[in-house]
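Read-outs: derived from the displayed coordinates by stated rules, not from any lab. The structure presented is a predicted model; accordingly, all values stated were derived computationally and were not measured. So basically every Cβ, Gly included, is an ideal-geometry build from the backbone, and we count neighbours across all protein chains shown.
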Amino acid sequence: MIRIVIALALMLGYTGLVSAQELYMPRNIKKAYANQTRAKNGVPGPNYWQNKGRYDIQLKVNAPSGVVYGREKIRYINNSPDPLNELVIRLICNLHKTNAPRSGYVSKDFLTEDGVTVDTLVINGVNVPFDNDIATVGTVKLAQSLQSKDSLDVNISWHYTLSKLSGREGKIDSTTFFLAYAYPRISVYDDYNGWDRIEHMDRVEFYSDFNDYNVAVTAPKNYVVWGTGVLQNVEAVLQPGIAQRLKASYTSDRLIHIASKEEMSAGKVTAQKDWNTWKFSASHIADVTFGMSNHYVWDAASVVVDSAAGRRASVQAAYDDAAADFHHSVDFSRYALDWFSRYWPGVAYPFPTMTAFQGFADMEYPMMVNDATVGDQIGFAQLVQDHEIAHTYFPFYMGINESRYAFMDEGWATTFEYLIGVAEKGKIAADKFYRMFRVDSYIKDASGEQDQPIISQSHQVSGVGYGNNAYGKPSLAYLALKDLLGDDLFRKCLHGYMHDWNGKHPIPWDFFNSFSNYAGQNLDWFWNNWFFSNNYIDLQLAGVKTKGNNAELSVVNAGGFAIPFDIVITYADGKTKTVHQTPALWKSGSKQVTVNVPVSGKVAAVMLDGVLYTDYTPEDNDWRAN
């Protein structure tokens, strides 16, 4: 009988009966723990491993046609214990092929005739046929298995045309291009799924190994190239005065206009050769991306991101001069990198550069963001840039598998977006925007897909349920956890988790176990409540009894989420008192609790205020005397 009760509880999302149970764990994840690649205390296990590539890439971009030719050599190192009989190659820009699977409708301008064409593939010196009739993932059989702890060399040449309509990559205008995912890459082979074969379908994002990159981008005269990593040949591609300004910006606290609109149009910026090759380098990083234009203006400065070491990061912006908001971009970035480094997450920005490029995607890449202009909406422009820069930590400092677990990066970026917003605009304004932008549409939509467990794999969740499971709901969970633990302990847990998994591939159970370990308490009740349930936000003030100096409140958690909330007491004389309740109130799993609040006068009204946690039925959160 008890088995039937527990089964019904799980089906109905009743966490109270099962809160003492261990977290659900899929079979493949259990196997990873059994193999000791991951440890139950939330750290990488003694047998943890991850594979690595060393990429030497040459790209040539023809303008204004947007045809890209590429060649690369990859030294791929198999650190796994398994012999590999095949390689899985990822061609993300095949998303533009007519017959590629996609998560939604696209216009004709988003499509290209052939997608990416691999012209040659050579593995360890042997030509290998490649079937270009694929979407974004292809498999190549190896003539000889790649043994554990061994490596092989892959040489690929390819070409493709940038799409006329830009998304995360493509043409921004007729002479401005954004080259993201521009190179074939070897997909991730990991300890819990083997080869990552999930097709990229445009909505769900990415999963990458930490690789080393040397990239040379050849562009026509008068095109400036901005990219991931450190520009290695400043003097070779820029005219002397421009090169001097750029170098000065590396240690400058004030904004320097590297190249003006007039200088770009007059050909006074790049070396006056028919073609210039821009060389960039970056190590142990998840990806590289590049933007180029012959008319974008260029601003730069720098900011100290590690005060102990005195380390600075270069901050740059590339944009159309007509974009009013982007004239503030360098200042936004300087503030964000300083704030994120010192406060939340409180980890020094780990990279040497950050460039904001004006595009359309509102998307993050290592050391770059591609944001749309919003004109004179300066506050919103700053928020969007803050969010994308916050992704530096998740998924790039931590190698998150966004394709399966988007809440592990988008939820954190949303949380940091809110916390820095409090610093920038004040708590009242930040709270109001967060509720409006991240919570209200979710909680006011009662459709079933809204209440799917956050742990649901991102590539399997449809509609608006994906967005809320990736952004708003996990952010609310992280802020509830911060409220539960308090800032000091929460920071200790966050820093421990980030330290242990920096440059590696954590999964949700690593996160859960890490926080429980560093908190010194079993938080499975909280994880079950927020990440493995069908809960939502809905409190009810079922009754109030006042006697003497005490008000006894009966509070029902109809939605189930373990949320913090305020009790607001209004006295007959109009004065108010606010008493905060942390999520610990719901630790027992009970759906109804009694809360006693000391009072110092005649109580006229009582209200439950979720603050950030918008209530599904706010009309039952109030009580009035008589």
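Remarks
- Relative contact order, percent, the chain [alpha-carbon distance under 8 Å, six or more residues apart]: 12 percent
- Distance cut-off 38 Å, percentage of C-alpha pairs in the chain lying past it: 37 percent
- Taking the square roots of 5 times each eigenvalue of the Cα gyration tensor of the stretch 515-626, largest first, gives ellipsoid semi-axes of 28, 15, 11 Å.
- Here the extension length gained between residue 446 and residue 547 equals 32.5 nm, from 0.36 nm per residue of separation less the Cα-Cα distance.
- Computed from label points 7 Å out along Cα-Cβ, the spacing between residue 575 and residue 139 is 7.4 nm.
- Alpha-carbon centroid distance for the pair the stretch 204-250 / the stretch 297-326, whole angstrom: 14 Å
- Other residues within the sphere of radius under 15 Å centred on the Cβ of residue 211, judged by their own Cβ, net out at -1 (K and R +1, D and E -1).
- Normalised contact order of the stretch 498-610, rounded percent, pairs of Cα under 8 Å and 6 or more residues apart: 25 percent
- Subtracting the Cα-Cα distance of residue 619 and residue 36 from their residue separation scaled by 0.36 nm leaves 204.8 nm.
- Separation of the stretch 410-446 from the stretch 363-396 is 15 Å, based on Cα centroids.
- Each semi-axis of the equivalent ellipsoid for the stretch 115-204 is √(5λ) with λ an eigenvalue of the Cα gyration tensor; in descending order they amount to 28, 17, 11 Å.
- Alpha-carbon spread of the stretch 21-142, three principal axes, descending order, Å: 57, 41, 25
- Across 40/492; 425/492; 171/473; 31/73, pairs whose alpha-carbon gap is larger than 30 Å: 171/473; 31/73
- Span per principal axis, largest first, for the Cα atoms of the stretch 454-498 (Å): 37, 19, 11
- Based on DSSP H segments of at least four residues, each scored -39500 (n - 2.57), the chain has a per-residue ellipticity at 222 nm of -7000 deg cm²/dmol.
- Dipole magnitude of the chain, debye to nearest 20 (Cβ charges: Lys/Arg +1, Asp/Glu -1, about Cα centre): 1000 debye
- Pairs of alpha carbons in the stretch 231-364 whose separation is greater than 21 Å (percent): 43 percent
- Between 390, 379, 415, the Cα set farthest toward the positive side of the dipole of the stretch 364-492 (charges on each charged residue's Cβ, about the Cα centre) is that of 415.
- Structural size metrics of the stretch 229-274, computed from C-alpha coordinates, are Rg and Dmax of 11.0, 35 Å.
- Hydrodynamic radius of the stretch 350-454 by the Kirkwood approach over all distinct alpha-carbon pairs: 14.9 Å.
- Stretch gain in nm, segment residue 56-residue 126, where the contour uses 0.36 nm per residue and the Cα spacing is subtracted: 23.3 nm
- Eigenvalues of the alpha-carbon gyration tensor of the stretch 153-294, scaled by 5 and square-rooted, set the equivalent ellipsoid semi-axes at 32, 18, 15 angstrom, largest first.
- Diffusion of the stretch 163-209 by Stokes-Einstein, at 4 °C in a medium of 1.567 mPa s and with Rh set to the Kirkwood radius over alpha-carbon pairs, works out to 102 µm²/s.
- Anisotropy class of the stretch 483-537 from Cα gyration tensor, a/c 1.5 cut: oblate
- Tensor-based shape of the stretch 97-148 (alpha-carbon gyration tensor, a/c under 1.5 rounded, otherwise prolate or oblate): prolate
- Three-way shape label, the stretch 429-563, alpha-carbon gyration tensor, a/c 1.5: oblate
- Residues residue 147 and residue 522, FRET efficiency given R0 of 45 Å [Cβ-Cβ distance, rounded to 0.05]: 0.60
- Scoring 383-389, 250-256 by mean Cβ neighbours within 10 Å over their residues and listing the highest first yields 383-389, 250-256.
- Think of the chain as having a plus end and a minus end, set by charges on the Cβ of Lys, Arg, Asp and Glu; of 599, 354, 330, 599 sits farthest toward the positive end of this dipole.
- For the stretch 339-401, dividing the convex hull volume of the Cα atoms by the residue count gives 84 Å³ per residue.
- Distance from the stretch 472-514 to the stretch 179-194 (C-alpha centre basis), Å: 26 Å
- Here the peptides 589-598, 391-400, 85-94, 438-447 are ranked by packing, the mean other Cβ count within 10 Å, and the order with the highest first is 391-400, 85-94, 438-447, 589-598.
- Positive end of the dipole of the chain (Cβ unit charges, origin at the Cα centre): among 295, 480, 517, the Cα lying farthest that way belongs to 517.
- Simple spin-label estimate for residue 309 and residue 587 in nanometres, 7 Å along Cα-Cβ: 3.9 nm
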